[in-house]
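Comments concern the structure below.
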There are 2 protein chains.
Amino acid sequence: METLSVACEACPVRNKAICAALSGPELSGLRQIRRHQFIPAGQTLVWEGDDAFVVASVTAGVLKLTKSLGDGKEQIVGLAFPADFVGRPFHDKTMSTVTALTDTEVCVFRREDFDNFAREHPELEHKLLERTLAELERAREWMTRLGRKTASEKVSSFVLDISERLSAETCHGSTVLDRFELPFGRQQVADILGLTIETVSRQMTSLKRQGLIGLSGRRTIQILNREGLAKAAES
Amino acid sequence: METLSVACEACPVRNKAICAALSGPELSGLRQIRRHQFIPAGQTLVWEGDDAFVVASVTAGVLKLTKSLGDGKEQIVGLAFPADFVGRPFHDKTMSTVTALTDTEVCVFRREDFDNFAREHPELEHKLLERTLAELERAREWMTRLGRKTASEKVSSFVLDISERLSAETCHGSTVLDRFELPFGRQQVADILGLTIETVSRQMTSLKRQGLIGLSGRRTIQILNREGLAKAAES
DNA sequence: CGCAACATTGAGACATATCAAGGAGAGTGG
DNA sequence: CCACTCTCCTTGATATGTCTCAATGTTGCG
């Protein structure tokens, strides 16, 4: 892994990540304990069950948080986009694996350093709390999808959800992208939705045939009828 | 709803809930904005989608957090035991319904009061952060169960999980209860696991026939072979 | 005791998984 | 620029687990 040197002031997520809580002198305190790091697509930052040595704030790219079951099966339990925070502060075990889906840049902290710093900076902890509460809400929404939706509803709501998250990233006002590239392949969509790759593929094709979405290349999706898709996403 | 008057010092969760962060004068500040309240089984504290007027800390009983889908179906996305915190501070919408499963007692706060108080008491926010991080972890574990486990694995892991949470409550050292009463009926177990009531029933019967658990009455479960049950819970 | 709510059991339908084959993209080397 | 190849995606046929519908059994309360 390669350490990059980027000034916090020039950071693309300066105003959105938890460090937005800090200014001037405090920020440079934080900078002293961080390491800006590049993670190539496919590489894993932390492993499920390991001692949690690090936490990190994402500045570019997308990561997945996964839990693996006895056999080869895995469930993706979270996604981390720029400005999101990964890892569990104040706790010594990591309970999910964090892996880069695309080439990624993160601000990494030794967990212990971060914990100490955070305890002395309530504003930072407050930002982190808000972010964690939002993430919890998202996880619960996701649980509903996993527990009570059909394959077709899962895929529809997934497409809508992702379009919103990717739009938030590019952040041109409140525009929602209607055409975007998925940062992952079919297997990973399946692991997000608790389905098999074949079922995801079939449902994608079905949505395409209904004229709700367009597919080009392997990963590009176009939403042709957002309203109709929203209807298909409801139970 | 009936307002009770219980001194914080005598509170059964005094040392476990987020208010454990406070002592003496700060605690009495918190006491001034709280209302101790009794909620009978079946009654709902807050509704999904409503403006979030209140947050609360549970002192006795069990509550469920649910999300409902278009039709009658619902998914339980969380359980709140004594010392747990419900509601979303610093945010104006409630995204899940909170309902008492058993007779319940909670410390209720107007959200605005709580927010203001919390911002002035970093120790309290810190406790809340730790609790929220733990809850997020639990939600993710639950997602894995919903997405990638079979009905039989779901029920087995559920029984183990509940036995641990109920034991934590009675808190006699590190004893784990082998015989306990579920605070909910079959339909609610189904809503937790993303199954139908019939499937839950069949799996319970099956575990019973395998000699892993014993069932008596409608809600009492006895774990006869914890190790075997753990094996059945893995994928 | 008798009732109402809840739980269990069975038979059949249906959705998704599994197994298996074929097709399209993207990168590589000629 | 085209053939080659590897990986990923799509499609089809069948198997299977869970849901649905329906009936029966049980619990606990008035």
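Would you check if A:Gly87 is within 7 Å of chain B (Cβ to nearest Cβ) and among the small types (Gly, Ala, Ser)? Break it down stepwise before answering.
Values: within 7 Å of chain B (Cβ to nearest Cβ): no; among the small types (Gly, Ala, Ser): yes.
Judged against the criteria, A:Gly87 is not a match.
Would you mind stating whether A:Arg226 is within 15 Å of DNA strand C (Cβ to nearest atom) and not aromatic (Phe, Trp, Tyr)?
Considered against the rule, which asks whether it is within 15 Å of DNA strand C (Cβ to nearest atom) and not aromatic (Phe, Trp, Tyr), A:Arg226 comes out as no.
With respect to the numbered conditions (1) within 7 Å of another protein chain (Cβ to nearest Cβ); (2) basic (Lys, Arg); (3) surrounded by 19 or more Cβ atoms within 10 Å (Cβ to Cβ), which one is the sole condition not fulfilled by A:Lys73?
Of the numbered conditions (1) within 7 Å of another protein chain (Cβ to nearest Cβ); (2) basic (Lys, Arg); (3) surrounded by 19 or more Cβ atoms within 10 Å (Cβ to Cβ), the odd one out for A:Lys73 is (3).
Give, as residue ranges, the helices (runs of 4 or more DSSP H) completely inside the stretch A:153-235 that count at least 2 residues that are surrounded by fewer than 16 Cβ atoms within 10 Å (Cβ to Cβ) and not assigned by TED's automatic domain parsing to the domain that holds A:Ala80. I'd like the intermediate steps shown before the answer.
Numbers: elements: A:186-193, A:197-209, A:226-233.
So the answer is A:197-209, A:226-233.
If you scan the stretch A:32-48, which residues turn out to be under 23 Å from A:Ala118 (Cα atoms) and either buried (at least 18 other Cβ atoms within 10 Å of the Cβ) or among the hydroxyl-bearing types (Ser, Thr, Tyr) (or both)?
Residues satisfying the conditions are A:Arg34, A:His36, A:Gln37, A:Leu45, A:Val46.
Condition (residue is of a type in the set (S, T, N, Q) and within 14 Å of another protein chain (Cβ to nearest Cβ)) applied to the stretch B:138-147: is it met by at least one residue?
Within the stretch B:138-147, one or more residues are of a type in the set (S, T, N, Q) and within 14 Å of another protein chain (Cβ to nearest Cβ).
Among the residues of the stretch A:39-70 satisfying the criterion of being under 14 Å from the mean Cα position of the chain (by Cα) and within 14 Å of chain B (Cβ to nearest Cβ), which is nearest to A:Pro183 (Cα to Cα)?
A:Lys64
Being over 23 Å from A:Ser235 (Cβ atoms), more than 16 Å from DNA strand C (Cβ to nearest atom), more than 10 Å from every other protein chain (Cβ to nearest Cβ) and touching a Gly at 6+ places or on another chain (Cβ under 7 Å) narrows it down to one of B:Thr104, B:Thr170, so name that one.
Exactly one of B:Thr104, B:Thr170 is over 23 Å from A:Ser235 (Cβ atoms), more than 16 Å from DNA strand C (Cβ to nearest atom), more than 10 Å from every other protein chain (Cβ to nearest Cβ) and touching a Gly at 6+ places or on another chain (Cβ under 7 Å), namely B:Thr104.
From B:Arg202, B:Arg179, B:Arg165, B:Arg209, grab the single residue that is charged (D, E, K, R), within 10 Å of DNA strand D (Cβ to nearest atom) and more than 14 Å from every other protein chain (Cβ to nearest Cβ).
Working: B:Arg179 fails: within 10 Å of DNA strand D (Cβ to nearest atom); B:Arg165 fails: within 10 Å of DNA strand D (Cβ to nearest atom); B:Arg209 fails: within 10 Å of DNA strand D (Cβ to nearest atom).
Every option except B:Arg202 fails the conditions.
Hey, could you check the stretch A:133-152 for residues that are of a type in the set (D, E, K, R) and within 16 Å of DNA strand D (Cβ to nearest atom) and say which is surrounded by the most Cβ atoms within 10 Å (Cβ to Cβ)?
First pass over the stretch A:133-152, keeping only residues of a type in the set (D, E, K, R): A:135, A:137-138, A:140-141, A:145, A:148-149.
Okay, now just the ones that are also within 16 Å of DNA strand D (Cβ to nearest atom), so A:145, A:148-149.
Details: A:Arg145: 26, A:Arg148: 21, A:Lys149: 23.
Among them, the one singled out is A:Arg145.
I'm told A:Phe114 meets every condition in (1) hydrophobic (A, V, I, L, M, F, W, C); (2) over 13 Å from the mean Cα position of the chain (by Cα); (3) open to solvent by 10 Å² or more (accessible area, probe 1.4 Å) except one. Can you identify the failing condition by its number?
(3)
The values are calculated or read from the model by the stated rules, or taken from the named source; none is laboratory data. On a predicted model such as this, the values are computed, not experimentally measured, just so you know. Positions of Cβ are generated from backbone atoms using ideal geometry, with glycine treated the same way; all protein chains shown enter the neighbour counts. When the accessible area is computed, the model is the full protein with side chains, heavy atoms only, and any ligands, DNA or RNA have been set aside. Shrake-Rupley method; radii C 1.70, N 1.55, O 1.52, S 1.80 Å.
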